[in-house]
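Encoded as structure tokens, the structure appears first; notes follow it.
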Amino acid sequence: MRKFIFILLLAVQTLGCSGGEASEWEAAPGNGNSGQDSGAEEGQDSEKVVYVSSAEELKALGTVAAGTVVVWRNGLYSDQVAELKSAGTAEKPVVLRAEKPGSVCFTGTSRISVSGTYAEVNGFWWRNPEPVSGKAVVTLAKGSSHCTVRDCAVTGDSTKEDAETDTKWVSLYGTDHRVEGCTFRDKRNIGTLLVVWLETGVTPRHTIAGNRFERPVTLYDDNNKAINGQETIRIGTSDYSMQEAACTVEDNYFYHCHGEQAEIVSNKSCGNVYRCNLFVECQGTLTMRHGNNCTVTGNYFVGNGMSGTGGIRLIGEGHVVERNYLEGLAGTGYRSAICLVRGQENPALNGYWQVKDAKVRYNMVYDCKYGLNVNYASSSSNQVMPVISTVIEGNTVSTTSSGYAVDCATEPAAPEIEWKENKLYGRQRGVSLPSLTSAPTKPNVQPAMDAIRDAAGCSWKTE
């Protein structure tokens, strides 16, 4: 599948992904949903196979030896609090898998925690999980490393809306984990769906690849304001936001991820890569909320004119936003197609840090209400530090008749922005840059977007 996606992405009428020498918009291919085709059966002739049908039986195994395959028998199981302790190695991982993918279904307060090394959890379905405060459905524990959650699903279609009980569906501690080829749909209680937790002196280096995310429900407070903490993915926290995380989020499909109506993905750490993800009709943005030196490349954002749909929001230093495709986004302000935010003076870790040394280049913004919204802050904020030392280069931008191709606040002035060879069609405010006399041609990106969508999520049906 990885090769298939790569070929389709290259087929889009774009140039190669060679960095700053390109002069046109292009999408960058991701690494693909690698590994989803590798099954627990490989090499099984030399492996020990054990069958279980309860959390108690799994616990009785103790620390599972390298090369062991643990098969959970098909069935519907309620309130199973499972723990897998693994002594796997790179050559001989420990595999805990469903007897048949999708046919081991957990309900109620069921959850699993994985500790140790080189473990794989494969083919399970947590259906309508009952939230238990402070507990995640799937936890890769502190001190664990090189574990994988693959071809699993967590769905909450029949759960009640709950603004009080904060839970996560996936909590990632440790290092070098993968969450891939999974489906996460309709989380209706408060709390981020998937969180990467940082620890002092630990660089997580996790990969989140080829998953399908849907979060259509938004929970509101008594003043009809969306409650904070309903992100789909969060990497880090404010307290650890200046620490390196080095995580990769790629080839995922986000559909109707409305959550808190602000941040679909909340970046709160440094050195992360967001590559070749597809966002369709999501009310909010991929937000570099805290942290520095992240890369956002080759992603697709499609709003289809839905109100509140946004693209990419930048806060902090050293970010690179390149070769992304953004179409039909109707959001304004922080939810513009690409928004570079003003910072606070002497901000706290949870504040707004000044945008500095950013590179926004070779993106295609097509028929969005606000294309490039630069030096932006709400009128009631104390964000007075303008965007500085930033290059905005080679972008192609078209806007709706009521919108702006570029809106750059002049109070406070942002003189340290270098505008180079952008192709702009539509109104401008705060700048006077060369404009196109006719709208740019829309590229045929549909095959590439279809490839990401079709490859994302479980291999089995969750309906």
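So here's what we get for this one:
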read-out	value
Quotient of C-alpha Rg and 2.2 N^0.38 Å, computed over the range 239-288	1.19
Kirkwood Rh in Å, taken over the range 253-327 so that all alpha-carbon pairs contribute	12.1 Å
Point-to-point label distance, ASN74-THR437, nm (Cα→Cβ direction, 7 Å offset)	6.8 nm
Net charge contributed by nearby residues that have their C-beta within less than 14 Å of ILE312 (K/R +1, D/E -1)	+4
Whole-Hz couplings from phi, Karplus 6.51/-1.76/1.60, listed for the range 100-110; x for Gly and Pro	9, x, x, 9, 10, 10, 9, 10, x, 8, 4
C-alpha long axis of helix 446-455 to longest principal axis of the chain, angle in °	20 degrees
For the range 305-463: Kirkwood Rh in Å [reciprocal of mean 1/r, alpha carbons]	16.4 Å
In degrees, nearest ten, helix 2-11 long axis to first principal axis of the chain (Cα)	20 degrees
Structure-derived semi-axes √(5λ) of the Cα gyration tensor in Å: which label, when the choices are (1) 34, 24, 21; (2) 49, 31, 21; (3) 40, 23, 20	(3)
Apportionment of accessible area to carbon and sulfur, the chain, percent (1.4 Å)	45 percent
Potential lengthening between ASN223 and LYS135 on full extension [0.36 nm per residue; Cα-Cα distance subtracted]	28.9 nm
VAL52 long-range amide H proximity, modeled H, under 5 Å	VAL71, TRP72, ARG73
Solvent exposure of the chain as accessible area per residue, Å², 1.4 Å probe	39 Å²
Largest-first principal axis extents, alpha carbons of the range 335-420, Å	36, 25, 22
Residue-averaged 222 nm ellipticity for the chain, from DSSP H runs of 4+ at -39500 (n - 2.57), nearest 500	-1500 deg cm²/dmol
Kirkwood Rh in Å, taken over the range 110-257 so that all alpha-carbon pairs contribute	15.5 Å
For the range 47-150: rounded, prolate or oblate by the Cα gyration tensor [a/c cutoff 1.5]	oblate
15 Å beta-carbon shell around VAL104, net charge (K/R +1, D/E -1)	+2
Alpha-carbon centroid distance for the pair the range 273-309 / the range 170-222, whole angstrom	16 Å
Förster radius 35 Å - calculated FRET efficiency between LYS100 and LYS59 (Cβ-Cβ, nearest 0.05)	0.95
Mean projection area, nm², convex hull over Cα of the range 370-463	10.1 nm²
Within the chain, percent of DSSP bridges classed antiparallel, to nearest 5	5 percent
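The values are calculated or read from the model by the stated rules, or taken from the named source; none is laboratory data. Please read these numbers as outputs of a predicted model, since none were measured by experiment. Glycine gets a Cβ as well: all are built from the backbone with ideal geometry, and neighbour counts include every protein chain shown. Note: areas computed on protein heavy atoms with side chains; ligands, DNA, RNA excluded. Shrake-Rupley method; radii C 1.70, N 1.55, O 1.52, S 1.80 Å.
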